[in-house]
Amino acid sequence: MRIISILFAALFFMPLAALADDDNVPPITHPLVSAECGACHMAFQPAFLPAQSWEAIMGDLSNHFGEDASLDTDAMAEIEAYLMLNAEQGRLVSADNPPLRITELRWFRHEHNDREVAWLKENRNVKTMADCAACHRGADKGYFDDD
Amino acid sequence: MKHKLLIGVIFLALASPAQAGPRETIMELLAAEAQVANSSYSGFSAAAGEALFLATFTTGKPETTSCTTCHTNSPSNVGETRAGKPIDPMATSVTPDRYTDQAKVDKWFRRNCNSVLGRECTAQEKGDFLTFMINQ
């Protein structure tokens, strides 16, 4: 009887698991990462970029998209380790020239094409496409399935 | 007896220096540093701090040519990062807990002086800047 109820439960919950498609990403669970990476922009979840990208970004924080975002060495090591451990898996990228901007990834450009970007900036007061939470209200929790 | 106690309290209040909170300590350290760097140092100037706050530089990063790029031209205003996040006003009259954490002050001077001026700020510049923000 117990086995049957476990099987039943598994069958019941399976479709839910299958529904959680790749529009959602695991949230950041590290307070220092949330605080430091979220000081100027939304703290982007590490699964949005492969490890090569995070390594390149963390290696040049004093030239961080037009600003100096340098950290002390302890904080930097801790944050980099978290980002690398939780980075996107399975994407083949060039180690010499990895993507640095989530907004330039092919899937992102597919989800938000030029016309939509122009419309959002004009009508929704979206200053930059890096401001995910302007529209995705659960962005900081990794929930992007609301579009 | 009560009279004596009162005299004692008044004496203590007069004798002890102004309460040194974390912000006062930060300012004292900057003053000491400025003195070491320049023997003719004669204190910090809020007017010089205001001029620094409003100045435009061509030596830093092109995206951030002035403090006002993100902080607006009034320390009493809420600022906005280039990525759209609000920044608490710089003036301590509006944001009282500002400039009370040495590590935070060091971090943001290091970052923002490099972003805007393309170099570290001097102790004189930091002291002038903070004096302006504290007097707002």
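Output the residue which, of all residues in the stretch A:1-44 that are among the aliphatic types (A, V, I, L, M), over 30 Å from A:Ser62 (Cα atoms) and part of a loop (DSSP other than H, G, I, E, B), is modelled with the lowest pLDDT.
Let us first name the residues in the stretch A:1-44 that are among the aliphatic types (A, V, I, L, M), namely A:1, A:3-4, A:6-7, A:9-11, A:14, A:16-20, A:25, A:28, A:32-33, A:35, A:39, A:42-43.
Those still in the list that are over 30 Å from A:Ser62 (Cα atoms) too: A:1, A:3-4, A:6-7, A:9-11, A:14, A:16-20.
Narrowing further to those that are part of a loop (DSSP other than H, G, I, E, B): A:1, A:20.
On the way: A:Met1: 54, A:Ala20: 45.
Of everything passing the filter in the stretch A:1-44, A:Ala20 is modelled with the lowest pLDDT.
Which pairs turn up if I take residues in the stretch A:109-129 that are within 22 Å of A:Asp145 (Cβ to Cβ) and within 14 Å of chain B (Cβ to nearest Cβ) and look for partners that are assigned to a helix (DSSP H, G or I) and of a type in the set (A, V, I, L, M) with beta carbon separation below 8 Å, at least 6 apart in sequence or on another chain?
If the second residue must be assigned to a helix (DSSP H, G or I) and of a type in the set (A, V, I, L, M), the pairs left are A:Leu120/A:Ala134; A:Arg124/A:Ala134; A:Val126/A:Leu120; A:Val126/A:Ala134; A:Met129/A:Val117; A:Met129/A:Leu120.
Looking only at the stretch A:46-53, decide whether some residue is at pLDDT 95 or above, closer than 30 Å to B:Glu120 by Cβ and not acidic (Asp, Glu).
yes
Tell me the helices (runs of 4 or more DSSP H) entirely within the stretch B:1-105 that contain at least 1 residues that are at pLDDT 95 or above.
Details: elements: B:2-15, B:22-37, B:46-54, B:68-71.
Helices (runs of 4 or more DSSP H) meeting the threshold: B:22-37, B:46-54, B:68-71.
Within the stretch A:74-89, which residues are surrounded by 11 or more Cβ atoms within 10 Å (Cβ to Cβ) and assigned to a helix (DSSP H, G or I)? Can you show your working first?
Kept after step one, since they are surrounded by 11 or more Cβ atoms within 10 Å (Cβ to Cβ), are these residues of the stretch A:74-89: A:75-88.
Correct list: A:Ala75, A:Met76, A:Ala77, A:Glu78, A:Ile79, A:Glu80, A:Ala81, A:Tyr82, A:Leu83, A:Met84, A:Leu85.
In the stretch B:32-68, which residue that is touching a helix residue (DSSP H, G or I) at 6+ places or on another chain (Cβ under 6 Å) and within 14 Å of chain A (Cβ to nearest Cβ) is surrounded by the most Cβ atoms within 10 Å (Cβ to Cβ)?
B:Cys67
Output the residue which, of all residues in the stretch B:38-78 that are touching a strand residue (DSSP E or B) at 6+ places or on another chain (Cβ under 8 Å) and hydrophobic (A, V, I, L, M, F, W, C), is nearest to B:Arg111 (Cα to Cα). First the steps, then the outcome.
The first filter runs over the stretch B:38-78 and keeps only residues touching a strand residue (DSSP E or B) at 6+ places or on another chain (Cβ under 8 Å), leaving B:61, B:63-64, B:70-72, B:78.
Cutting the leftovers down to hydrophobic (A, V, I, L, M, F, W, C) gives us B:70, B:78.
Values: B:Cys70: 13, B:Val78: 20 Å.
Once the filter is applied, the top-ranked residue is B:Cys70.
Return the residue satisfying two criteria in turn: it lies in the stretch A:54-68 and is among the acidic types (Asp, Glu) and over 23 Å from B:Gln102 (Cβ atoms), and of such residues it is farthest from the other protein chains (Cβ to nearest Cβ). Break it down into steps so the answer makes sense when it comes.
Step one: filter the stretch A:54-68 for residues among the acidic types (Asp, Glu), giving A:55, A:60, A:67-68.
After this cut, where a residue has to be over 23 Å from B:Gln102 (Cβ atoms) as well, the list is A:55, A:60.
Working: A:Glu55: 21, A:Asp60: 13 Å.
The extreme case among them is A:Glu55.
List the pairs whose first member sits in the stretch B:69-98 and is more than 9 Å from chain A (Cβ to nearest Cβ) and touching a residue at least 60 places away in the same chain (Cβ under 8 Å), whose second member is in a loop (DSSP other than H, G, I, E, B) and small (Gly, Ala, Ser), and whose Cβ atoms are under 9 Å apart, counting only residues at least 6 apart or on separate chains?
So the pair list comes out as B:Pro75/B:Ala91; B:Pro75/B:Ser93; B:Ser76/B:Ala91; B:Ser76/B:Ser93.
Suppose the filter is of a type in the set (Gly, Ala, Ser), surrounded by 15 or more Cβ atoms within 10 Å (Cβ to Cβ) and either under 15 Å from the mean Cα position of the chain (by Cα) or within 14 Å of chain B (Cβ to nearest Cβ) (or both); does A:Ala35 pass it? Don't jump to the end; show me each part of the working.
On the way: of a type in the set (Gly, Ala, Ser): yes; surrounded by 15 or more Cβ atoms within 10 Å (Cβ to Cβ): no; either under 15 Å from the mean Cα position of the chain (by Cα) or within 14 Å of chain B (Cβ to nearest Cβ) (or both): yes.
No: the conditions fail for A:Ala35.
Got a sec? Which of A:Leu71, A:Leu92 is part of a loop (DSSP other than H, G, I, E, B), away from chain B (no Cβ under 14 Å) and aliphatic (A, V, I, L, M)? Please lay out each step first, then the result.
On the way: A:Leu71 fails: away from chain B (no Cβ under 14 Å).
Only one candidate qualifies: A:Leu92.
Among the residues of the stretch A:116-132, how many are touching a helix residue (DSSP H, G or I) at 6+ places or on another chain (Cβ under 9 Å) and loosely packed, with under 14 Cβ neighbours inside 10 Å?
Residues flagged as touching a helix residue (DSSP H, G or I) at 6+ places or on another chain (Cβ under 9 Å) and loosely packed, with under 14 Cβ neighbours inside 10 Å within the stretch A:116-132 amount to 2.
The values are calculated or read from the model by the stated rules, or taken from the named source; none is laboratory data. The structure displayed is predicted, hence computed values, not measured ones. So basically every Cβ, Gly included, is an ideal-geometry build from the backbone, and we count neighbours across all protein chains shown.
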